[in-house]
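Engineer: Please see the structure below; I have some questions.
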Amino acid sequence: MVALIDRASASQSGRPQRRLTIQTVDIAPDTTTLRSLDWDRDRFDIEFALENGTTYNSFLIRGEKIALVDTSHEKFRQLYLDALQGLIDPAAIDYLIISHTEPDHSGLVKDVLQLNPEITVVGAKVAIQFLEELVHRPFKRQVVKNGDRLDLGNGHELEFISAPNLHWPDTIFTFDHKTQTLYTCDAFGMHFCDDHTYDEDLELIEYDYHYYYDCLMGPNARSVLSALKRMAALPEITTIATGHGPLLRHNLQELVGRYQEWSQTQAKAATTVGIFYVAEYGYSDQLAQAIANGITKTGVLVEMMDLRVADPQEVRELVEIATGLVIGMPPQSGTFAANAKAGLSTIFAATNAKQSVGLFEAGGGDDESVYPIRNQFQEIGLTEAFPPIHIKELPSEATYQLCDEAGTDLGQWLTRDRTVKQMKSLDGELDKALGRLSGGLYIITAKKGDISSAMLASWVSQASFEPLGITIAVAKDRAIESFMHLGDRFVLNVLEEGNYQILMKHFLKRFAPGADRFADVKTYPATNGSPILADSLAYIECEVVSRMECSDHWIVYSTIDAGRVAKSEALTAVHHRKAGNHY
Ligand code: FEO
């Protein structure tokens, strides 16, 4: 059975219509998915540039007893509840299984409870605790832990797998022994919306799958490895029913294998940063995620800890192994304030002067004041990795860019010895020989929405005639990397021989996180919106069409849309190097 309900929201303001649809599909015996398709959602969490929208997937399993796994985002309220009631009388549902309580999956739990106050909510202990805060009404509950089972009858024996931090501390997976389906919610998901229920076309989805992993799962790589270990102990899994994007069936082994490989790579990092935050308070979640993304670009492992429920022992252990700490200001009052305060005290007791620290406000309206906490760290002797990040109003794209760059600054500071060692590591002759490779000198400039960035580049080469294309090698920890994903547009500014020093000096300097790279630089906008440097010799407008991961760099292949030379007689500035192990 496949059914689609379409509700294109009529726009009275003349803005583009945004489409929300529901797809219901039978995916296994007695098992139906209700996929809420959010075709046009262009931002999710933080800097997810959602080219392809997203979906919120919910599942109905009918044994002798009936279970609903997760619900949907509240924006789908009417559509989802209509679709659910089209499938079943909600009063007949026995169990509502909560994979975790983030509102994109639990946004309609309250509505389901209204339709069926007798339903038993099944979740991890922490999920039930969070849910009490969310629904503000009594409900029947069943707390489950790793290995617990729930028999729905008719062969549908459900087994629960604890998967904390994927992506909240309350996450559980659910395995149906009859259909060999594993319900994983965020894990193995992707922000990708189309009519395909499954992952038939690997090439179509692999970019979004990887990007989603990098943003959401990479900062919890150790937790991913623990979950994979628990999954390996299950009987054969034939379908992974994710909470976002297509379900995995056709390329399941391959895609699970990639999680293993990426997480092992991350977990090998010698340096760890612990990020302590309070999810569901202000913008703590999103800001912490943006800082985490900036840190992981430098090859440093991040471990995130939600202070709502963190155990003091876990907090202490993380502080003891970390070389850097990032702390989001917790609320001064409310249900989780006491636990967060205890967490902070544990951090102070376990930290030491060799560590670096960065603080950020959560913007929840009741934040602990950042300055006394900053003073306390200074008294202990920690190095401040970036100035405290203040949230005065709604965070903007610029705020998230600032967080990302602050994270990168922290990661680069912590790995500075590694960088110096690398520069000294090559054999003398090889080093000199490689240094004879030369390139031109260019400035890449890019603008996305309200934010912009720039970078001096020399590893640039023409790569194709038809279509005209170039490649640029961009170090993974460069701020501009976030502006060079598939579909992004930028300008390559060519510097002029004998007339490049001022521009080169300007763009080579170290900018503070979030600083405007174009202050005091003459620019005018390209057709694609990116700044053209008025003093460059030539410019080329580019669009990213593919990226290849090469160890510490991305090779970005882009096609050319337009270009112009300012002085036809002048030559391109050339970058001559002495050594091949740095720029
Ligand atoms: Fe898709 Fe963590 O919610």
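Engineer: About the Cα centre of the range 435-575, how large is the charge dipole given +1 on each Lys and Arg Cβ and -1 on each Asp and Glu Cβ? Please answer in debye to the nearest 20.
Structural biologist: So the dipole magnitude of the range 435-575 works out to roughly 300 debye.
Engineer: For L96, list long-range residues whose amide hydrogen, built 1.01 Å from N in the peptide plane, is under 5 Å from its own amide hydrogen.
Structural biologist: Residues meeting the amide H criterion: L68, T120, V121, V122.
Engineer: Of I295, Y283, G328, whose Cα points farthest to the positive end of the dipole of the range 269-418 (charges on the beta-carbon: +1 Lys, Arg; -1 Asp, Glu; origin at the Cα centre)?
Structural biologist: Value computed over the given set: I295.
Engineer: Turning to a different aspect of this structure: If I compute solvent accessible area with a 1.4 Å probe over the protein chains, what percent of it on the chain is carbon and sulfur?
Structural biologist: Exposed carbon and sulfur together represent 50 percent of the surface.
Engineer: I need to check one value: relative contact order of the range 62-166, counting alpha carbon pairs closer than 8 Å and at least 6 residues apart, in percent.
Structural biologist: It comes to 27 percent, rounded to a whole number.
Engineer: Report ³J(HN,Hα) in whole Hz for each residue of the range 465-478, in order, from the Karplus equation J = 6.51 cos²θ - 1.76 cosθ + 1.60 where θ = phi - 60°; Gly and Pro get x.
Structural biologist: 9, 10, x, 5, x, 10, 10, 9, 8, 10, 4, 4, 9, 7
Engineer: Given H placed on each backbone N at 1.01 Å, which residues far from L468 in sequence or on other chains put an amide H within less than 5 Å of it?
Structural biologist: I560
Engineer: Name the residues whose placed amide hydrogens come within less than 5 Å of the amide hydrogen of I27, ignoring near sequence neighbours (fewer than 5 apart) on the same chain.
Structural biologist: For I27, whose amide H was placed from the backbone, the distant partners under 5 Å are T32, T33.
Engineer: Would you list, by chain and number, the aspartates and glutamates whose Cα falls below 14 Å from the Cα of K578, excluding same-chain residues fewer than 8 positions away?
Structural biologist: D427, E429, D431
Engineer: Could you work out [θ]222 nm for the chain from helices alone, using -39500 (n - 2.57) per DSSP H run of at least four and dividing by all its residues? Round to the nearest 500 deg cm²/dmol.
Structural biologist: -8500 deg cm²/dmol
Engineer: Also, quick follow-up: Any idea of the accessible area per residue across the chain, 1.4 Å probe, to the nearest Å²?
Structural biologist: 43 Å²
Engineer: Okay, moving on. For the chain, what relative contact order do you get, as a whole percent, if you take Cα pairs closer than 8 Å and at least 6 residues apart?
Structural biologist: Over the chain, the number comes to 9 percent.
Engineer: Using θ = phi - 60° and the Karplus relation 6.51 cos²θ - 1.76 cosθ + 1.60, list the HN-Hα couplings for the range 271-284 in order, rounded to whole Hz, with x at every Gly or Pro.
Structural biologist: 3J(HN,Hα) across the range 271-284, in whole Hz: 10, 10, 10, x, 10, 10, 8, 10, 4, 6, 10, x, 10, 3.
Engineer: Roughly what % of DSSP beta bridges within the range 100-228 run antiparallel, to the nearest 5?
Structural biologist: Restricted to the range 100-228, the bridges split so that about 75 percent are antiparallel.
Engineer: Could you go through the range 304-311 in sequence order and give the Karplus-derived ³J(HN,Hα) for each residue, using 6.51 cos²θ - 1.76 cosθ + 1.60 with θ = phi - 60°, rounded to whole Hz, and x for Gly and Pro?
Structural biologist: Residue by residue, the range 304-311 yields 9, 9, 7, 6, 4, 9, 4, 7 Hz.
Engineer: A further question on this structure: Please state the charge dipole magnitude for the range 46-110, taken about the Cα centre, from unit charges on C-beta atoms (+1 on K and R, -1 on D and E), reported in debye and rounded to the nearest 20.
Structural biologist: Using only the charged Cβ atoms, the result is roughly 200 debye.
Engineer: Where nothing but the Cβ of Lys and Arg (+1) and of Asp and Glu (-1) is charged, how large is the charge dipole of the range 374-432 around its Cα centre, in debye to the nearest 20?
Structural biologist: Charge dipole of the range 374-432: 180 debye, to the nearest 20.
The values are calculated or read from the model by the stated rules, or taken from the named source; none is laboratory data. Everything numeric here is computed off the predicted structure, so don't read it as measured data. Please note: Cβ atoms are built from the backbone with ideal geometry, for glycine as well, and neighbour counts cover all protein chains shown. Side chains included, ligands, DNA and RNA excluded: accessible areas come from the protein's heavy atoms. Shrake-Rupley method; radii C 1.70, N 1.55, O 1.52, S 1.80 Å.
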